[in-house]
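Everything on this sheet refers to the single structure shown next.
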Amino acid sequence: MLNDKSIVWLLRIYLLLVFVFIFMPIVTSVVFSFNSDRFPSLPLGHFTWNWYDKVYNDPETWDAIRTSIIVALSASLLATIIGFCTAYTDFRYNFRFKNAYLALALLPPTIPLIILALAMLAWFSKLGISGQIWALIIAHTVLGAPFAMAIIRLRLQQMDKDLESAAWNLGASEWATMRYVIIPFALPSIISALCLTMAVSFDEFAIAWFVSGLNKSIPVVILEILQGNVDPQINAIGSFVFATTMTLVVIAQLFLFTKKPTTIK
Amino acid sequence: MSEGQIVFENVTKQFGSAVAVQPINFEIKAGEFLAIMGSSGCGKTTTLRMLAGLETPSSGEIRLNGVRMNELKAHERETPLVWQTLALFPFLNVIENVEFGLKMRGVEKSECTKRSLKWLKRMEIEQFANRSIDQLSGGQRQRVALARALVTEPPVLLLDEPLSALDQNLVVRMQSVLTRLQKELGITFVYVTHSQSEAFAMADRVVIMSEGVIEQIGSPKEIYRNPASRFVAEFVGTNNIISGYIKELNEHSMICNTAFGVIESNLHDGNNSHVAGGAVELVISADMVELSQEKTSSKNEIQIQFIAEEFTGSVVTLYFEDDNKNELIVQKQQREIEPLELTYGCKIYAHWDPINVFCIPEVNAG
Amino acid sequence: MIFSNWIRSLDVYALTWRLPVIIWQVLFFLAPLIFMIAMSFFLVKNYRMVEAFELVNWMKIFSKGYFWNSYGLSLGLAALATFTASCIAFPASYCLAFKLSETARRWAIFFLIIPFFTSYLVRTFSWYVLMAESGVVNNIIGHLGIGPIKMLNTMFATNIGYLTLTLPLVIILQTLSMASIDKNLIEAAHNLGAGRVRAIVSVIIPAARIGLIIGALFCFILSFGDFVSPYYLGGSNPPTLPILIIDTTKSGQQWPRAAVIATVMMVTLMLVALSAIKIAYKKR
């Protein structure tokens, strides 16, 4: 019964179809970014760099790329620091209200972006930083920190609990242990977390749209083009963003998974 | 290297409401190889961790060479530990692992390397200096862990079940490495283990713990031959524990009524509290029982039936029953039992010298 | 004296890792949400927000028929997406968990992570182009003599957009929960004579229940809060609650009223999440 071959093959074909559904929009976007028609359809028009050219020569794109890079770099750094602190605290300590502490640190991804966007817009306006690049950096830090925490926590999970005590036992203070043992051990996951939070920031549009003011990031530019007419420039920018984030994700994965297992029996 | 003398005075440890260690008092002599033995959860590891400063005693005082240690943080102590998991740093190579303690003490880099290399040589692993940890075998890692702990030349070395992950033949080899090392260095070793063979093979004295209480402290021989409590008698070695009543009490011996009939026992030093009619528990070590095919008319002789056997290397553990189904365990060398031609169900005779019968003191009151 | 003891007993090292996170999250995560709820009681006078405590925004919003329409539509669309995503995902996850090798499964999950890092906007745009009157899909089925079918500006299109957003995550969560089921359990069910369907209903679904429910919950949260699909694919007629928030905030300058809608959304999601978790972890 369990080895009923035809059912297994049907299931596999089904799985393939689901993957086709999931990847269809991604593939279409890349294909159409090289397609000459203004309104893409079948059969395809001829090959063109036209849309990339257009994007390349638009100063607004470059401003957006600059903003995105600044925000992504700063937010990923801050988010990774906060994620690391949370992960280490969770790994090392038990204390009263620890669940409340973890909830506070981990809940942001469960709040719809549109609600966070409105809440942050209002709060940042009150603080007087709305529309500044800081607003965007802070928002993306809040959004990215839980992901950084999850990745680094998983890595710390693999650490022999005795490793930290062993360092103290050999004469390292808690601070020295952090510097010479914990951080070196967690380093692959720290790099992963940097890449992934960068990718999160590079992609986020809802909060960015609300709080960024004139400092538009790339996704905000895409959103604004989308609000206008059908314009295959979106495919060109989209493919560029896709290439960038995928590079980050692949780097992150390399550091997460190909690093040899380092726990010792 | 200086020697380390350690005193535990009324030391207790509680985790919340759970008591891990009851008030314990004992002294570890300078240059002694002391093993702390017990089953898991008996408080032996907690005791060791308190010594290393990884746990703070709830009350009492721990002194090293007369100096109170309680307030010293773990990294301020000279009590390196060899961990059960070894806890080698996976992101450092062999020599970097060994250098770690020196580096943390601010020793200059070239000096670090020099001293670490010396220890790698001493542990016969200098050819692996630049290997990463996961390229080493279990025994080699063990040596790295030892070198890393000893490189700072401490007065005391703590060992927490360091051999439990090794193959049996490697364990025996490492035991001889450890005992030789301890004799050569002359420093104090405190060795926590649940393995009786490790403790008895290496230690000068053994501490037996159970449920946070020290049951007995003594040389392996004392503990083996003369267990201080029923717990020790059951925990250590293979003993026959036989309950009975004192029938007659002489100057040097006593005669007891037991399930096996009348058993005569010599009175050993320090056991003067017996009264006729009182309850006793007698301990007869399994390797002190003699077997014969014919009746020898010795003291303490009974007839028994062979029911089962168990091989552990060259030693055989034999299980017998008397007519009333009372079990008797006997340990013999394989070559000793061959002439007896044992077959399941056959009846032979067993006897033991009164000098080898000990009694557990605490149940005297009956 | 007591105070100085307290200072001395402080574990500076531990607090270094704990306090900054608390301060940051309170200041930039908790405070905005609380402020937003407070804002729902503020007033707007002469296009300026005035801090107050009035119920007027709540009453205004609750008395509007279009709000309740949007609310119902949002709930309905999110529920529909949750149902379709869970149903479409299940056979795929079943196949991933039981019918593929460990390596194949790991690769599949890697590929399922990729969509999270491609712009959702760009993927929506792709669907827009694919589903348009003269788009690729109609083009293909036109050759087969069918159509053209109107897909854009329908609930179908909105749902396709939601699936784009949620399907990979639902499959990952379902697969992980099913892959961790003890294989012996399924084997035992088969040995006891349970057929494939019986084994799925009586062993796999109960054992993977938590993962299935959490996957559905995330699907609901994401769909309920998304404004891109209902706007660009569904045509925003009538708008869903997130679109209402955007309209009220961006064009109307009525932040307090937007805050009312956002608060209603938050409370709704909280109730849904609590009941989902309660069902997931209910003792059988």
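Odds and ends about this structure:
- The listed residues are C:ALA85, C:ALA108, and the only one of them that is within 27 Å of A:ILE222 (Cβ to Cβ) and either open to solvent by less than 30 Å² (accessible area, probe 1.4 Å) or facing chain A (nearest Cβ under 8 Å) (or both) turns out to be C:ALA85.
- Checked against (1) open to solvent by less than 70 Å² (accessible area, probe 1.4 Å); (2) of a type in the set (Lys, Arg); (3) under 20 Å from C:GLN253 (Cα atoms), C:ARG18 passes all but condition (3).
- Looking at A:SER33, A:SER41, just one residue is at the interface with another protein chain (Cβ under 9 Å from one of its Cβ atoms), surrounded by 18 or more Cβ atoms within 10 Å (Cβ to Cβ) and of a type outside the set (Asp, Glu), and that residue is A:SER41.
- For region B:195-204, a tally of residues being outside any loop (DSSP other than H, G, I, E, B) and either over 8 Å from the mean Cα position of the chain (by Cα) or under 14 Å from B:ASP160 (Cβ atoms) (or both) returns 4.
- A:LYS126 passes every criterion in (1) buried (at least 22 other Cβ atoms within 10 Å of the Cβ); (2) charged (D, E, K, R); (3) within 19 Å of C:LEU33 (Cα to Cα) apart from (1).
- If only residues of region A:94-110 that are among the hydrophobic types (A, V, I, L, M, F, W, C) and at the interface with chain C (Cβ under 7 Å from one of its Cβ atoms) are counted, the one that is least open to solvent (accessible area, probe 1.4 Å) is A:ALA105.
- Reported count of residues in region B:226-277, each being closer than 20 Å to B:MET209 by Cβ and buried (at least 18 other Cβ atoms within 10 Å of the Cβ), is 11.
- Of the set (1) away from every other protein chain (no Cβ under 12 Å); (2) closer than 26 Å to C:ILE114 by Cα, all apply to A:GLU60 but (2).
- Among the residues of region B:63-118, those identified as within 29 Å of the chain's Cα centre (by Cα), open to solvent by less than 40 Å² (accessible area, probe 1.4 Å) and more than 14 Å from B:VAL144 (Cα to Cα) are B:LEU64, B:MET69, B:ASN70, B:ALA74, B:ARG77, B:THR79.
- Residue within region C:78-97 that is under 24 Å from C:LEU244 (Cβ atoms) and aromatic (Phe, Trp, Tyr) present: yes
- One residue alone among C:TYR66, C:TYR94, C:TYR71 is open to solvent by 50 Å² or more (accessible area, probe 1.4 Å), in a helix (DSSP H, G or I) and either facing chain A (nearest Cβ under 7 Å) or touching a residue at least 60 places away in the same chain (Cβ under 8 Å) (or both), and that residue is C:TYR66.
- Tally, over region C:111-154, of residues that are more than 24 Å from the chain's Cα centre (by Cα), more than 8 Å from chain A (Cβ to nearest Cβ) and either in a helix (DSSP H, G or I) or small (Gly, Ala, Ser) (or both): 7
- Selection from region B:144-169 of residues that are open to solvent by 40 Å² or more (accessible area, probe 1.4 Å) and over 22 Å from B:ILE6 (Cα atoms): B:SER164, B:ALA165, B:ASP167, B:GLN168, B:ASN169
- Taking region B:103-157 as the range and being aliphatic (A, V, I, L, M), under 12 Å from B:LEU88 (Cα atoms) and outside any helix (DSSP H, G or I) as the test, only B:LEU136 passes.
- Meets criteria (closer than 20 Å to A:LEU118 by Cβ, modelled with pLDDT of 90 or more and touching a strand residue (DSSP E or B) at 6+ places or on another chain (Cβ under 9 Å)) for C:MET39: yes
- Residues being modelled with pLDDT under 95, among the aliphatic types (A, V, I, L, M) and open to solvent by less than 40 Å² (accessible area, probe 1.4 Å) - total across region A:50-71: 3
- Pairing residues of region B:294-306 that are assigned by TED's automatic domain parsing to the domain that holds B:VAL330 and crowded, with 16+ Cβ neighbours inside 10 Å with residues that are among the charged types (D, E, K, R) and assigned to a loop (DSSP other than H, G, I, E, B), at Cβ distances under 6 Å and at least 6 apart in sequence or on separate chains, gives B:ILE302/B:ASP322; B:ILE304/B:ASP322.
- Helices (runs of 4 or more DSSP H) completely within region C:165-284 that count 3 or more residues being at pLDDT below 95 and away from every other protein chain (no Cβ under 11 Å): C:183-191, C:209-225, C:255-281
- Failed condition for A:PRO25, given (1) under 27 Å from the mean Cα position of the chain (by Cα); (2) surrounded by fewer than 18 Cβ atoms within 10 Å (Cβ to Cβ): (2)
- Hits in region C:170-198 - residues which are open to solvent by 40 Å² or more (accessible area, probe 1.4 Å) and within 21 Å of C:SER223 (Cα to Cα): C:LEU173
- C:ILE61 being in contact with a helix residue (DSSP H, G or I) (Cβ under 7 Å, 6 or more places away or on another chain), away from chain A (no Cβ under 13 Å) and either surrounded by 13 or more Cβ atoms within 10 Å (Cβ to Cβ) or farther than 25 Å from C:TYR231 by Cβ (or both): yes
- Top-ranked residue of region A:198-243 - restricted to ones that are touching a residue at least 24 places away in the same chain (Cβ under 8 Å) and among the polar types (S, T, N, Q), ranked as farthest from the other protein chains (Cβ to nearest Cβ): A:ASN215
The values are calculated or read from the model by the stated rules, or taken from the named source; none is laboratory data. In this text the structure is predicted, and so the values were computed from the model without any measurement. In this analysis, Cβ positions are derived from the backbone assuming ideal geometry, glycine residues included, and neighbour counts consider all displayed protein chains. With ligands, DNA and RNA removed, areas are computed over all heavy atoms of the protein, side chains included. Shrake-Rupley method; radii C 1.70, N 1.55, O 1.52, S 1.80 Å.
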